[in-house]
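Visitor: Mind having a look at this structure? Questions to follow.
The values are calculated or read from the model by the stated rules, or taken from the named source; none is laboratory data. Not measured: the values here are computed from a predicted model. Virtual Cβ from ideal backbone geometry, glycine too; neighbours counted across all protein chains shown.
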Amino acid sequence: MADRYDIVVAGAGHNSLITAAYLARAGYRCVVLEGRPIAGGGVKSAELTLRGFQHDVCSSAHNVIQDNPMLRDDELKLGDYGLEYIFPDPVFHMPFADGSYLTQWRDLDRTCAEFAKFSKNDGLAYRRMIGEYEQVKPIFEANTFTPIGFGKPVNEQLAQHPRGKLWQRRLAMSVWEIVRDNFEDDHCRAFMLASPWTLQSPLDPFTGRLAYIIFHQQRQRQFDSSS
């Protein structure tokens, strides 16, 4: 090992590794220190059941990160180092105690039909909500991946959008309020509330955007190292 480094990164979780990779690409000499025998933090793999079977230890899915320029634009050329995402279809499946189920597919029509099994209106609501979200998704994505101070706040950007005031109100609402107001069947409501990536109570105010996070997995592109 070298005696001197420009930057020392404590911990080898995925956030630390990403940071170190960008710093190294910028020409800094970095060292990443990890106390555990396996790097990766919450996204590491390990043999938890049978020999030869690798399991994702903590992260349930890598969905929102697909919109990150690191993967979306292949900024770090991770495919050259063996990264390949395989996106399954169906995407998400929820069984219910009454024996019914609701499945999310990559095909929007097929997913809407799943909601319509319980409520025709809810099938229409799912299609409407994903369409509405697509209209403002570029604003949210740009805000998410722009460092603080390097761009306009999301409220200022929404103020310039034709439906900006509506979305400002939605952001102030809770996940439950949005799901309750848009879906009438409890099966459909449960599915919309069950996204494992929100990490916040659906009753909390200012969580409204998280009601739309499940749409991230509806339209994912496959990571292609050749692109």
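Visitor: Considering (1) of a type outside the set (Asp, Glu); (2) in contact with a Ser or Thr (Cβ under 8 Å, 6 or more places away or on another chain); (3) within 18 Å of LEU193 (Cβ to Cβ), say which one PRO90 fails and leave the rest.
Guide: (3)
Visitor: Of everything in the stretch 103-115, what is crowded, with 17+ Cβ neighbours inside 10 Å and in a helix (DSSP H, G or I)? Give them in sequence order.
Guide: THR111, CYS112, GLU114, PHE115
Visitor: May I pose another question? Charged (D, E, K, R) and under 24 Å from PHE87 (Cβ atoms) - does that describe any residue in the stretch 179-196? Even if it seems obvious, please write down each step before you answer.
Guide: Going through the stretch 179-196, the residues charged (D, E, K, R) turn out to be 180-181, 184-186, 189.
Remaining after also requiring under 24 Å from PHE87 (Cβ atoms): none.
Within the stretch 179-196 (the criterion being charged (D, E, K, R) and under 24 Å from PHE87 (Cβ atoms)), the answer is no, since none of the residues qualifies.
Visitor: Among the residues of the stretch 146-155, is any farther than 21 Å from VAL91 by Cα, aliphatic (A, V, I, L, M) and under 22 Å from the mean Cα position of the chain (by Cα)?
Guide: yes
Visitor: I would also like to ask the following. Among the residues in the stretch 117-125, are any of a type in the set (Asp, Glu) and buried (at least 17 other Cβ atoms within 10 Å of the Cβ)? If you could, list the steps in order and put the result at the bottom.
Guide: Of the residues in the stretch 117-125, the ones of a type in the set (Asp, Glu) are 122.
From what's left, buried (at least 17 other Cβ atoms within 10 Å of the Cβ): 122.
Yes, some residue in the stretch 117-125 is of a type in the set (Asp, Glu) and buried (at least 17 other Cβ atoms within 10 Å of the Cβ).
Visitor: Picking from PHE53, PHE96, which residue would you name as being on the phi < 0 side of the Ramachandran plot, aromatic (Phe, Trp, Tyr) and surrounded by 11 or more Cβ atoms within 10 Å (Cβ to Cβ)?
Guide: PHE96
Visitor: A further question on this structure: Taking into account only those residues within the stretch 19-50 that are out of contact with any helix residue (DSSP H, G or I) (no Cβ under 7 Å at 6 or more places or on another chain), of a type in the set (A, V, I, L, M, F, W, C) and closer than 17 Å to LEU76 by Cα, which is surrounded by the fewest Cβ atoms within 10 Å (Cβ to Cβ)?
Guide: Ranking the candidates gives ALA26 first.
Visitor: Here is a follow-up. Take SER16 and tell me if it is surrounded by 14 or more Cβ atoms within 10 Å (Cβ to Cβ), hydroxyl-bearing (Ser, Thr, Tyr) and either over 19 Å from the mean Cα position of the chain (by Cα) or at negative phi (or both). Break it down into steps so the answer makes sense when it comes.
Guide: Working: surrounded by 14 or more Cβ atoms within 10 Å (Cβ to Cβ): yes; hydroxyl-bearing (Ser, Thr, Tyr): yes; either over 19 Å from the mean Cα position of the chain (by Cα) or at negative phi (or both): yes.
Taking the combined requirement at face value, the residue satisfies it.
Visitor: Where the second residue is in a loop (DSSP other than H, G, I, E, B) and at pLDDT below 85 and the first is under 14 Å from TYR85 (Cβ atoms) and lies in the stretch 50-65, which pairs have Cβ atoms under 8 Å and are six or more apart or on separate chains?
Guide: Pairs that qualify, where the first residue is under 14 Å from TYR85 (Cβ atoms) and the partner is in a loop (DSSP other than H, G, I, E, B) and at pLDDT below 85, are ALA61/PRO196; ALA61/TRP197; ASN63/TRP197; ASN63/GLN220; VAL64/TRP197.
Visitor: Moving on to the next point. Show the residue pairs that are 6+ apart or on different chains and have beta-carbon atoms under 7 Å apart, the first residue being within the stretch 132-150 and closer than 16 Å to ILE65 by Cβ, the second being exposed (fewer than 13 other Cβ atoms within 10 Å of the Cβ).
Guide: If the second residue must be exposed (fewer than 13 other Cβ atoms within 10 Å of the Cβ), the pairs left are PHE145/PRO69.
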